[in-house]
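Presented below is the structure to which this report refers.
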Amino acid sequence: MSASPVYLDAATAAPLHPVARQALLAALDDGWADPARLYTQARRARQLLDAAREAAAATLGVRADELSFTPSGTTAAHSAVLGGLVGRRRVGATLVHSAIEHSAVLHAAERHVAAGGTATAVPVDRVGRLDPAAWAAAVRAPGVALAALIGASHEVGTVQPVAVAAAACAAAGVPLYVDAAQLVGRVPVPGGWAVLSASAHKWGGPPGVGLLVVRKGTRWESPWPADERESGRTPGVVNLPAVVAAAASLRAAAADAAAEAARLTPLVARIRARVAAEVPDVEVVGDPVDRLPHLVTFSCLYVDGEALLHALDRRGFAVSSGSSCTSSTLRPSHVLEAMGVLSHGNVRVSLHRESTEADVERFLAELPGIVAGLRAEAGVVGL
């Protein structure tokens, strides 16, 4: 009998939190009406929406009227970037961003450039950490409307110097947008930002819910056609049962975050050390100290990335990759390229509240043989 599957891709989507499931089922009975209407069922839906907004805002330490729910984290990121640029178009048309932003931010930047704007990418070092001096110089340049910085790399786990970047932005009078998808519900979010986005399925909420926070006093204007919902920040009716589940699970995840970080950090440290010691010709990437507690990435020389993911899947391990040979992109990860590290045979392992020490041990026990087998198939022996 094959062993039970081990899910190790929480950075893409964490398993649904029990609190989310409970809240979702309850809200399906009570939250189906349009909260904008005046009759009894609609008023009940409005109460649920208001309570969800208050709960999410309290967890993030922001005002309820600063927070909007969006159809996804991607929509929130697009709104953050494009809205921040539209809101400051009189100042200039330059977007400053790190070279390792999420593709959602980079796609918004491409749209901005195609419409006649400019974008400046700030480099990172070999562990994926932003160059603070280059960032400060970039945001000081004339005509910068907005700066965008991912709070922590979704691919390699390096936590970015958000406070330092925010101070440089403040000195230059440039608002800072932080993509906090990998931080919210896991680790504290540094201050100093003007706009923030997050994604519910990263913390164990349901898919299809994003958070967009625009602080008071920020020049931000919706890039979408006019809509009266969500303070005009994002169009369309929200998926209220999913929103309720997202807010409830965010509060639960945040309450457990410190304990979970303390539990997962040594497991990730074990993966980092054992992979480096037990698999020949492997590079463990990302900052070994300033990193997310649940995520580790490594690259294996002489191994096809897609073949490695399939081999791991056959043995019951669900992992992700930023490799040059994954079917979703067919090109090297822009994050690994920007860091100047090995991208072949890339594996990202990301743990979650259901991950156990036994799961990690099983992965570490089977990985060396899987990699050796693939290398032998490719004719690479004697390492």
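The values are calculated or read from the model by the stated rules, or taken from the named source; none is laboratory data. All figures in this text were calculated on a predicted structure; none of them were measured in a lab. FYI the Cβ positions are ideal-geometry reconstructions off the backbone, even for glycines, and counts take in every protein chain you see. These accessible areas exclude ligands, DNA and RNA; they are computed on the full protein's heavy atoms, side chains included. Shrake-Rupley method; radii C 1.70, N 1.55, O 1.52, S 1.80 Å.
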Give the residues of the range 334-362 that are at pLDDT 95 or above, open to solvent by 10 Å² or more (accessible area, probe 1.4 Å) and either of a type in the set (S, T, Y) or part of a strand (DSSP E or B) (or both), sorted by residue number. R348, T356
Contact list, first residue from the range 43-68 and under 13 Å from L240 (Cβ atoms) and open to solvent by less than 50 Å² (accessible area, probe 1.4 Å), second anywhere and part of a helix (DSSP H, G or I) and at pLDDT below 95, beta-carbon distance below 7 Å, six or more apart or interchain, is L48/D30
Which of the residues spanning the range 195-209 are open to solvent by less than 10 Å² (accessible area, probe 1.4 Å) and farther than 17 Å from A254 by Cβ? V195
Considering only residues of the range 193-232 that are of a type in the set (S, T, Y) and closer than 22 Å to R111 by Cβ, which is modelled with the lowest pLDDT? S222
Name the one entry in R111, R89 that is outside any helix (DSSP H, G or I), among the charged types (D, E, K, R) and under 25 Å from E230 (Cα atoms). R89
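One line per residue, one yes/no per condition, for (1) open to solvent by less than 30 Å² (accessible area, probe 1.4 Å); (2) of a type in the set (K, R); (3) touching a residue at least 24 places away in the same chain (Cβ under 8 Å); (4) in a strand (DSSP E or B):
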position	(1), (2), (3), (4)
R219	no, yes, yes, no
P225	no, no, no, no
P241	yes, no, yes, no
V244	yes, no, yes, no
S249	yes, no, yes, no
A254	no, no, yes, no
Please work out which residue is nearest to G83 (Cα to Cα), limiting yourself to the range 175-192 and to residues that are surrounded by fewer than 24 Cβ atoms within 10 Å (Cβ to Cβ) and of a type in the set (A, V, I, L, M, F, W, C). V189
I want to confirm something. Restricting to the range 92-108 and keeping residues that are in a loop (DSSP other than H, G, I, E, B), open to solvent by 10 Å² or more (accessible area, probe 1.4 Å) and of a type in the set (A, V, I, L, M), which single residue is nearest to E155 (Cα to Cα)? A99
How many residues of the range 114-136 are touching a Pro at 6+ places or on another chain (Cβ under 7 Å) and part of a strand (DSSP E or B)? The answer is 1
